[in-house]
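Encoded as structure tokens, the structure appears first; notes follow it.
The values are calculated or read from the model by the stated rules, or taken from the named source; none is laboratory data. Note that the structure is predicted; figures quoted are calculated from it, not measured. Every residue, glycine among them, receives a Cβ derived from its backbone with ideal geometry; neighbour counts consider all protein chains shown.
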Amino acid sequence: MRNVLLRNDLSLSLKFGFLGLGMGGCSIAYECATIRTQITNSHNPYTALLINTNEVDMRKFKEHSNVRKMQLSGFEKGAGRDIAIGEAAFKQHRDIIQREAIEHFADRDFVWVTGGLGGGTGTGSILEAIRMLYANGFKDRCGLMITLPRDNEGTTVIENALDRLQMLAKAMNNLGCILAVDNQKLYNDFIKEQPQASISEYLDYSNKYIATALHEINVVTASFNPIAGYHFDSSELLNTLKTPGLISIGKLEFASNAIDTANQATFLPDFKRSIERGTLSDGYNLGKAARVAVSMVAHPGTAKRIFSMSFINSIETTIEGLSPMATEKPVAAYEDPKGEDLSIYTIVAGLGFPNRVNQLVTKAKEAQEKAEDFLGQEDSALSALSGFTRKKQSEQTGSISDDPFAAASEVASTKQIKNDDLDPFSILK
Ligand SMILES: Nc1nc2c(ncn2[C@@H]2O[C@H](COP(=O)(O)OP(=O)(O)OP(=O)(O)O)[C@@H](O)[C@H]2O)c(=O)[nH]1
Ligand SMILES: [Mg+2]
């Protein structure tokens, strides 16, 4: 499904709102809210409320009618990666944030609480933000979008993220979906394509990528007539987003002439991989999934050829094999009169945390062990130092008679020692 943003013949399933928290959360929310479509009366389909402590960071977001910015006064310098400060900042301003959220999200079908895990503001305020929305009528229409840090962001960032992930893990059965964006995965993909690019270019790319992925899922479920099988419609998309647990989205595009329906190898392995690899994160135990939905879109000519019963059946059988526990697994096929290729979108809901979280736990443990080793080394150096007594210089130099200048240097060094006696740390100079 190409040129989604340039077409005026598409519709949207759900009105999304984005409550951006901290720099990462605000950047993603802003990118989503600044999506512009050509759809009449939906040129600005999404809404964002951006909450941050840091005043300077807020300036990068331009004014838009559908974006509201709130800087938490008293915390202008940021939370400095301190979760407690981020949480305190949100709590202190909770009433006003609540008022703004109710006002801005009143007509929203679903609100994404969006935060980059690892810092102070977003990470610290995420639980409070969910509590606030739950207490104000958003219980059945909100979920979370969180980023997981990269390996090289340092121990504080990883530990902050794990701290809140532990709490989310305990509460997740009572929450809506959690969409995890694995920054390391997106970074690895990006660096392969653009090895010379900067981190800020990567972040920019990742935010656009996230916004587009979500928007496409929202469009594909509302824009076309189903031609075979089932229709995964807007209300089912909403039910899927309400499903507790992690959610993974996948996307696959084929040149339509690349597929031979009589030869499964031309499409089935790629289809399976696109679910396993996920667009934003991967490494899920798909066997645990509670729901899987597949939406396939193709040009009418291609659709007639490809969407045969046996093709749909092979897709259904693949899903059954991957996620046998899923209670709903619609496979929908659509004709797009303006489509050129075959696009397949999947959503898998009700999952546990991805393997990336295990990797972060291992990373944090390794860092702790390294720190202990390092401190151990320091201790042994200190005790070695305290047990060290400097020999007299004459003893160190060995046989004096071998050195014709020994007498002269002995006089000089004696003078030196006398002067240095004034400074207790002179031995270390
Ligand atoms: N995908 C993506 N991730 C981001 C972006 N900015 C930050 N992150 C991630 O989010 C994590 C938290 O960083 P920030 O959002 O800057 O932190 P904060 O919530 O503002 O917290 P403080 O600055 O400590 O108050 C980082 O460790 C990154 O992994 C972004 O623009 N896009
Ligand atoms: Mg910040």
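Given the condition more than 18 Å from Glu320 (Cα to Cα), assigned by the TED database to the domain that holds Arg291 and in contact (Cβ under 8 Å) with a residue 60 or more places away in the chain, answer yes or no: does some residue in the range 259-274 qualify?
Yes, some residue in the range 259-274 is more than 18 Å from Glu320 (Cα to Cα), assigned by the TED database to the domain that holds Arg291 and in contact (Cβ under 8 Å) with a residue 60 or more places away in the chain.
Restricting attention to the range 135-151, which residues are modelled with pLDDT of 95 or more and part of a helix (DSSP H, G or I)?
Arg141, Asp151
Restricting the range 64-81 to residues that are more than 10 Å from ligand 1 (Cβ to nearest atom) and within 23 Å of the chain's Cα centre (by Cα), which is farthest from Gln98 (Cα to Cα)?
Selected residue: Val67.
Considering every residue within the range 315-324, establish whether at least one is modelled with pLDDT of 95 or more, under 17 Å from Ala228 (Cβ atoms) and touching a Lys or Arg at 6+ places or on another chain (Cβ under 6 Å). Reasoning before the result, please.
Looking only at the range 315-324, we keep the residues that are modelled with pLDDT of 95 or more, and these are 315-324.
Filter again for under 17 Å from Ala228 (Cβ atoms), leaving 315-319.
If we keep only those that are touching a Lys or Arg at 6+ places or on another chain (Cβ under 6 Å) as well, we get 318-319.
Scanning the range 315-324 turns up at least one residue that is modelled with pLDDT of 95 or more, under 17 Å from Ala228 (Cβ atoms) and touching a Lys or Arg at 6+ places or on another chain (Cβ under 6 Å).
If Leu179 meets every condition in (1) crowded, with 21+ Cβ neighbours inside 10 Å; (2) of a type outside the set (Gly, Ala, Ser); (3) farther than 17 Å from Pro244 by Cβ apart from one, which number is that one?
All conditions pass for Leu179, except number (3).
Does Gly287 fit the bill of being modelled with pLDDT under 95 and surrounded by fewer than 18 Cβ atoms within 10 Å (Cβ to Cβ)?
No; evaluated as a whole, the condition is false for this residue.
Among the residues of the range 82-95, is any assigned to a strand (DSSP E or B), of a type in the set (A, V, I, L, M, F, W, C) and within 14 Å of ligand 2 (Cβ to nearest atom)? Please lay out each step first, then the result.
Pass one, the range 82-95, residues assigned to a strand (DSSP E or B): none.
No: zero hits.
Tell me, yes or no, whether the range 69-78 has at least one residue that is hydrophobic (A, V, I, L, M, F, W, C) and part of a helix (DSSP H, G or I). Quick ask: steps written out before the conclusion?
Residues of the range 69-78 that are hydrophobic (A, V, I, L, M, F, W, C), as a first pass: 70, 72, 75.
Checking the rest, the ones that are also part of a helix (DSSP H, G or I) come to none.
No, every residue in the range 69-78 fails to be hydrophobic (A, V, I, L, M, F, W, C) and part of a helix (DSSP H, G or I).
Among the residues of the range 194-209, how many are out of contact with any helix residue (DSSP H, G or I) (no Cβ under 9 Å at 6 or more places or on another chain) and not in a loop (DSSP other than H, G, I, E, B)? Step through it out loud before you land on a result.
Pass one, the range 194-209, residues out of contact with any helix residue (DSSP H, G or I) (no Cβ under 9 Å at 6 or more places or on another chain): 195-196, 198, 200.
When the remaining residues are screened for being not in a loop (DSSP other than H, G, I, E, B), the result is 200.
Of the residues in the range 194-209, 1 are out of contact with any helix residue (DSSP H, G or I) (no Cβ under 9 Å at 6 or more places or on another chain) and not in a loop (DSSP other than H, G, I, E, B).
Just wondering, is there one or more residues in the range 282-291 that are in contact with a helix residue (DSSP H, G or I) (Cβ under 8 Å, 6 or more places away or on another chain), in contact (Cβ under 8 Å) with a residue 60 or more places away in the chain and under 24 Å from Glu340 (Cα atoms)?
No.
Here are the criteria: (1) more than 22 Å from Ser42 (Cβ to Cβ); (2) surrounded by 21 or more Cβ atoms within 10 Å (Cβ to Cβ); (3) of a type in the set (Phe, Trp, Tyr). Tell me which single one Tyr230 does not satisfy.
Evaluating Tyr230 over (1) more than 22 Å from Ser42 (Cβ to Cβ); (2) surrounded by 21 or more Cβ atoms within 10 Å (Cβ to Cβ); (3) of a type in the set (Phe, Trp, Tyr) leaves (2) as the failure.
Among the residues that make up the range 101-111, is at least one of them crowded, with 22+ Cβ neighbours inside 10 Å, assigned to a strand (DSSP E or B) and assigned by the TED database to the domain that holds Leu179? Outline the logic, then answer.
Restricting attention to the range 101-111, the residues satisfying the condition of being crowded, with 22+ Cβ neighbours inside 10 Å are 101, 105, 110-111.
Still in the list and also assigned to a strand (DSSP E or B): 110-111.
From what is left, the residues that are assigned by the TED database to the domain that holds Leu179 are 110-111.
Yes, the range 101-111 has at least one match.
Do you know which residues across the range 309-333 are surrounded by 14 or more Cβ atoms within 10 Å (Cβ to Cβ) and under 22 Å from Asp260 (Cα atoms)? Spell out the reasoning first.
Kept after step one, since they are surrounded by 14 or more Cβ atoms within 10 Å (Cβ to Cβ), are these residues of the range 309-333: 311-312, 314-316, 318-319, 322-323, 326, 328-333.
Answer for the range 309-333, where residues must be surrounded by 14 or more Cβ atoms within 10 Å (Cβ to Cβ) and under 22 Å from Asp260 (Cα atoms): Phe311, Ile312, Ser314, Ile315, Glu316, Thr318, Ile319, Val331, Ala332, Ala333.
Can you tell me which residue in the range 251-278 is surrounded by the fewest Cβ atoms within 10 Å (Cβ to Cβ), limited to those that are charged (D, E, K, R) and part of a helix (DSSP H, G or I)?
Once the filter is applied, the top-ranked residue is Arg273.
Condition test on Lys363, is it modelled with pLDDT of 95 or more, among the basic types (Lys, Arg) and over 14 Å from Ser248 (Cβ atoms)? Show your work before the answer.
Values: modelled with pLDDT of 95 or more: yes; among the basic types (Lys, Arg): yes; over 14 Å from Ser248 (Cβ atoms): yes.
Yes: the conditions hold for Lys363.
Tell me which residues, restricted to the range 198-231, are more than 16 Å from ligand 2 (Cβ to nearest atom) and either touching a Ser or Thr at 6+ places or on another chain (Cβ under 6 Å) or among the small types (Gly, Ala, Ser) (or both). Break it down into steps so the answer makes sense when it comes.
Quick first cut of the range 198-231, residues more than 16 Å from ligand 2 (Cβ to nearest atom) only: 198, 201-202, 204-206, 208-231.
Correct list: Ser198, Ser206, Ala211, Ala213, Asn218, Val220, Thr221, Ala222, Ser223, Ala228, Gly229.
Check Gln196 against each of (1) under 26 Å from Glu340 (Cα atoms); (2) free of Cβ contacts under 8 Å to residues at least 12 places away in the same chain and name the one condition it does not meet.
Tallying (1) under 26 Å from Glu340 (Cα atoms); (2) free of Cβ contacts under 8 Å to residues at least 12 places away in the same chain, Gln196 fails exactly one: (1).
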